[in-house]
Amino acid sequence: MDEKLIVEDTLGDWRRTHYSSEISHSVVNSEVIVIGWISSKRDHGNVLFALLRDRYGDIQLVVKKKELPKELFDSLRNLKEHSSIAVKGIVVEQKNENGSFEIIPKEIKILSISNKPAPFLTQAVSSIGIDTRLDLRAIDLRRDYLQIIFRIRRNILKSIRNYFDQNHFVEVNTPKMIATATEGGAALFPIFYYDREAFLAQSPQLYKEQLTMAFESVYEIAPIFRAEPSRTNRHLSEAISVDAEKAYVNYDDAMDILENLIKHVVDSIKHHNLTDLKELELDLPEISGPFPRLAYSDLVSKLQENHKYIRWGDDISPKILRDMFGDEFYFITDWPASTKPFYVKSKLDKSDQKPHGENDERILSESFDLMFGTLELSSGSTRINNKVELMEQMKNKGLNLEAFDYHLRIFDYAVPPHAGFGLGLERLIMALLKLENIRDATFYPRDIDRLAP
Ligand code: AMO
């Protein structure tokens, strides 16, 4: 039959009465309406077997030629996977199999017709390159594997909100079009803002700090924009950051908050996504006891003892950590002030600082990174809340103080001591679900090569 003869129907007054997951003993012999898309089809001549998929799974349709108008049966036979249909039919219990149900359609509406053969199958592992998948992301996201990841992602977000809410944090939203850089100038996306230059926010840093004045404890879950020039499996140009900031605490407390947040999230996944974890054949990291807190200087010494090439003051690359850490959470604390942004508080108590041979000018900061193996998940610190100190740091980092006037003026009104962190949501998902590529932790990834879809 000519495929062009298949015509699309309208939904009209048909509405779903049951999801696939609700087709059970209680509705055997009843009439139901199920709606979804065809995930697979088998043609046995006078009988078609089709799986109809909705957001909760598949239900089998047994379409008999003699029970439907000829044109409709022929249309269904020609229908490609991914096409959407609505089915009014009777639920029957499957013979020969244990406890499954199927639907014998009485009426079918073809709602939306796929013109092309399915580009990828629905099974878990795909041998198709990620770029091909991302080009058709909306279809890619129908695959079981990604459905599970995004189901867990949903729960992660829910449990993060739940944690902050229980701990009396206020959810805030801060501007994403901003006037100044916060995390260093190189990774900025400039934009036109009317007749001025502006930037996409690299982080909500200065706003979340300011908001501790009015709300004490705040958090935000929102995009951050980084003009990352490199192509890696762990960097996005647009990522979701979970930012927290709290007044009257320091970086030790911020680490406690972050550690408890991670534990809360892991417990929640274990509790709510058991079936998903089984399908992924995944064990979440076992967390026993507190996350180790390793001082930067001690770690550098240890790396040097292990003949790794690193000098005090260098950033610590994932590569250099490779043989030292497995799948475990740990903090690297007390980074050199020179490696951290201007708003990070230096450790002023010299007695806290480690001896470093001839050079005792090495200033540390009240800062930390949360790591999982070699992956950085989060950074945080105690912030400078004194105006003179902050201006000093800005000057040291070569920043234009005038451009930050909107921020500095707040400091004339006694900004409380405060601390916080930013946690990369996709990085966290990547770590917990052992994803090879961060792009699969986000719906529509943005990177140096990709601006669409
Ligand atoms: P930082 O720049 O370390 O700190 O960012 C915080 C966390 O955000 C995630 N992240 C990214 N994830 C994916 N792709 C990227 N390009 C990317 N860049 C950052 C990481 C990282 O650990 N204002 C501070 C946080 C704070 O001190 O509160 C900040 O932005 O997981």
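Please enumerate the residues belonging to region 192-203 that are open to solvent by less than 40 Å² (accessible area, probe 1.4 Å) and without any contact (Cβ under 8 Å) to a residue 40 or more places away in the chain. Across region 192-203, the qualifying residues are Ala198, Phe199, Ala201, Gln202.
The single condition among (1) in a helix (DSSP H, G or I); (2) open to solvent by less than 50 Å² (accessible area, probe 1.4 Å); (3) not small (Gly, Ala, Ser) that Asp256 does not meet is (2). Within region 224-239, the set of residues being more than 6 Å from the ligand (Cβ to nearest atom) and either open to solvent by 40 Å² or more (accessible area, probe 1.4 Å) or not in a strand (DSSP E or B) (or both) comprises Ala227, Pro229, Ser230, Arg231, Thr232, Asn233, Arg234, Ser237, Glu238. Within region 208-239, the set of residues being touching a Ser or Thr at 6+ places or on another chain (Cβ under 8 Å) and more than 19 Å from Pro190 (Cα to Cα) comprises Lys208, Leu211, Val218, Glu220, Ile221.
Every listed requirement among (1) surrounded by 14 or more Cβ atoms within 10 Å (Cβ to Cβ); (2) away from the ligand (no atom under 16 Å from the Cβ) is met by Gly289 save one, (1). Just name the residue that is nearest to Met371 (Cα to Cα) out of those in region 211-223 that are among the β-branched types (Val, Ile, Thr) and buried (at least 23 other Cβ atoms within 10 Å of the Cβ). Only one residue fits best here, namely Val218.
In the set Lys246, Lys208, Lys302, only one residue is open to solvent by 10 Å² or more (accessible area, probe 1.4 Å) and part of a helix (DSSP H, G or I); that residue is Lys302.
Restricting Glu183, Glu216, Glu197 to those that are in contact with a Pro (Cβ under 7 Å, 6 or more places away or on another chain) and farther than 22 Å from Leu428 by Cβ reduces the list to Glu197. Within region 366-396, if we keep just the residues that are among the charged types (D, E, K, R) and not in a loop (DSSP other than H, G, I, E, B), the residue that is nearest to Gly424 (Cα to Cα) turns out to be Glu376. Contact map, region 237-248: first residue farther than 18 Å from Ile438 by Cβ, second residue in a strand (DSSP E or B) and within 8 Å of the ligand (Cβ to nearest atom), Cβ cut-off under 7 Å, separation 6 or more or different chains; pairs are Asp243/Gly420; Asp243/Gly422; Ala244/Gly420; Ala244/Phe421; Glu245/Gly420; Lys246/Gly420. Look at region 240-258 and say how many of its residues are within 12 Å of the ligand (Cβ to nearest atom) and either modelled with pLDDT under 95 or of a type in the set (Ser, Thr, Tyr) (or both). Final tally of qualifying residues: 2.
With respect to Asp314, determine if the residue is under 30 Å from Asn385 (Cβ atoms), more than 14 Å from the ligand (Cβ to nearest atom) and of a type in the set (D, E, K, R). So Asp314 passes the test. Scanning region 191-205 for residues that are more than 13 Å from the ligand (Cβ to nearest atom) and part of a loop (DSSP other than H, G, I, E, B) returns Tyr194, Asp195. With respect to the conditions (1) assigned by TED's automatic domain parsing to the domain that holds Arg383; (2) at pLDDT 95 or above; (3) outside any helix (DSSP H, G or I), Asn162 falls short on a single one, namely (3). If you go through region 392-403 and keep only what is away from the ligand (no atom under 16 Å from the Cβ) and open to solvent by 60 Å² or more (accessible area, probe 1.4 Å), you end up with Glu392, Lys395, Asn396, Gly398, Asn400, Glu402. Among the residues of region 54-77, those identified as in contact (Cβ under 8 Å) with a residue 60 or more places away in the chain and either out of contact with any helix residue (DSSP H, G or I) (no Cβ under 9 Å at 6 or more places or on another chain) or buried (at least 16 other Cβ atoms within 10 Å of the Cβ) (or both) are Asp74, Ser75, Arg77.
Only residues that are open to solvent by 60 Å² or more (accessible area, probe 1.4 Å) and touching an Asp or Glu at 6+ places or on another chain (Cβ under 7 Å) were counted across region 435-448, and they come to 1.
Condition check for Ile262 on (1) outside any strand (DSSP E or B); (2) open to solvent by 10 Å² or more (accessible area, probe 1.4 Å); (3) within 16 Å of the ligand (Cβ to nearest atom); (4) under 25 Å from Pro445 (Cα atoms): one failure, at (2).
Every residue, every condition in (1) within 14 Å of the ligand (Cβ to nearest atom); (2) among the hydrophobic types (A, V, I, L, M, F, W, C); (3) open to solvent by less than 50 Å² (accessible area, probe 1.4 Å); (4) outside the structural domain of Pro229 (by TED's automatic domain parsing), yes or no:
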residue	(1), (2), (3), (4)
Glu366	yes, no, yes, no
Ile384	yes, yes, yes, no
Lys387	no, no, no, no
Asp405	no, no, no, no
Val415	no, yes, yes, no
Ala419	yes, yes, yes, no
Gly422	yes, no, yes, no
Leu433	no, yes, yes, no
Arg450	yes, no, yes, yes
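Contact map, region 5-22: residues that are more than 16 Å from Ile59 (Cβ to Cβ) and without any contact (Cβ under 8 Å) to a residue 24 or more places away in the chain paired with residues that are β-branched (Val, Ile, Thr) and open to solvent by less than 90 Å² (accessible area, probe 1.4 Å), Cβ distance under 7 Å, separation 6+ or inter-chain. Pairs shown: Arg15/Ile33. With respect to Leu188, is the statement that it is within 14 Å of the ligand (Cβ to nearest atom) and not in a strand (DSSP E or B) true? Yes; evaluated as a whole, the condition is true for this residue.
The values are calculated or read from the model by the stated rules, or taken from the named source; none is laboratory data. Predicted model only: the values in this text are computed from it and were never measured. Cβ sites come from the backbone with ideal geometry, for glycine too, and all protein chains shown count toward neighbours. For the accessible areas, the whole protein counts, side chains as well, though only heavy atoms, and no ligand, DNA or RNA atoms are used. Shrake-Rupley method; radii C 1.70, N 1.55, O 1.52, S 1.80 Å.
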